[in-house]
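Worksheet: one structure, shown below.
Read the figures in this text as sums done on the coordinates, not as results from a lab. For clarity, every value in this text was computed on a predicted model and none was experimentally measured. Using ideal geometry, Cβ is built from the backbone for each residue, glycine included, and neighbour counts are taken over all protein chains shown.
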Amino acid sequence: MPLDFVNGGSIILLLLAVFIIVSLFLGVRIVPQSQKYVVERFGRLRSVLGPGINLIVPFIDTVAHKVSILERQLPNQQQDAITTDNVLVQVETSVFYRIMEPEKTVYRIRDVDAAILTTVAGIVRSEIGTMELDEVQSNRARLTQKIGAAIADVVDDWGIEVTRAELLDVNLDEATRAAMLQQLNAERARRAAVTEAEGARRAVELRADGELYAAEQAAKAKRVSADAEAYATGVIAEAIQKNGLEAAQYQVALAQVEALTQVAVGDGKQTVLIPSQALDAFGDAFKMLKGRG
């Protein structure tokens, strides 16, 4: 066998071995967990390779794009917006997103970060333009939710998922801030005046309630006294009705005797002058007592 033939055969085998090795090298793609590969064949989309070992046709299929699927944070952006009550506010936003479908991202949008920032700015201005300043400051959570939902609808065609969109801050210019401070001080003064007026009114009400209560108690006392007098009069009237006029005269005579007895009681009284009417009263009393006995 000629030496040239042997050398030629060895070179062919060597080249074949090199071709096989290169083909295996080009046909096997190991994709990291945090990435996805976009494969093209003759300039057209062929497939998307997920994490792990993947096989492609060497020399025909090529990895055109290596796309990270990790969550990304866009730089914080500030934009101006005008509320319905014509207040200029400066809003700072923060957006987080991740690529879910790389084939859409690489073929439908050139600069995805700039596109998202522009979209967020437009949506923020649109949403704030439908609200007053007080609503923007008091309903920030609801506004953030609405902005996130609006962004998600827009970026879906780009194969992107917006994981979080937040309003970090809402700033006002100096003139508006001074006017709001003046309004706040006026509101505090108004509340203080209202509280003081309510306190004075409550004091008047309590004083009137006290006077009314005192009047009611006095009226009750008078009513009780009148009831007692009426009861006593009724008892006397009943006694007169049952025992006749003599019972009444008897009670009067006894009262006169008791009164004269009290007059005679006392230190240093040795002589008591008794009018003739009193003696007649004693006589009448003794007659009645004798008659009753």
query: Amide H neighbours of residue 54 under 5 Å, counting only residues 5+ apart in sequence or on other chains, H built in-plane at 1.01 Å?
result: 29, 30, 31
task: For residue 168, enumerate residues with amide H under 5 Å from its amide H, sequence gap 5+ or separate chain, H modeled in the peptide plane.
output: 92, 93, 94
field: Kirkwood Rh and Cα Rg combined as Rg/Rh, the stretch 1-118
entry: 1.34
- prompt: Hull surface divided by four, with the convex hull built on the Cα atoms of the stretch 178-229: how many nm²?
  reply: 3.2 nm²
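P(r) tail for the stretch 3-68, what percent of Cα pairs lie past 19 Å? Write out the running numbers ahead of the final one.
Values: 965 of 2145 pairs.
Cα-Cα pairs in the stretch 3-68 separated by more than 19 Å: 45 percent.
When the convex hull of the C-alpha atoms of the stretch 86-212 is computed, what volume per residue in Å³ does it have?
For the stretch 86-212, the hull spanned by Cα atoms encloses 139 Å³ per residue.
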field: FRET E, pair residue 161, residue 24, Förster distance 45 Å, beta-carbon r, rounded to 0.05
entry: 0.80
Cα-projected label distance for residue 224 with residue 14, points at 7 Å along beta-carbon direction, nm: 13.4 nm
field: residue 142-residue 90 pseudo-label distance in nm [points 7 Å out on the Cα-to-Cβ vector]
entry: 2.8 nm
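Using the beta-carbon distance between residue 149 and residue 196 and R0 = 41 Å, what value does 1/(1 + (r/R0)^6) give for FRET efficiency, to the nearest 0.05?
With R0 = 41 Å, the Cβ-Cβ based efficiency is 0.30.
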statement: So for R0 = 35 Å, FRET eff. of residue 217-residue 188 from the Cβ-Cβ r, to 0.05, ends up at 0.20
- line: With 0.36 nm assigned to each residue of separation and the Cα-Cα distance removed, residue 110 to residue 34 gains 25.2 nm
message: Under the rule of at least 5 residues apart or a separate chain, name every residue whose amide H is placed under 5 Å from the amide H of residue 132.
response: 84
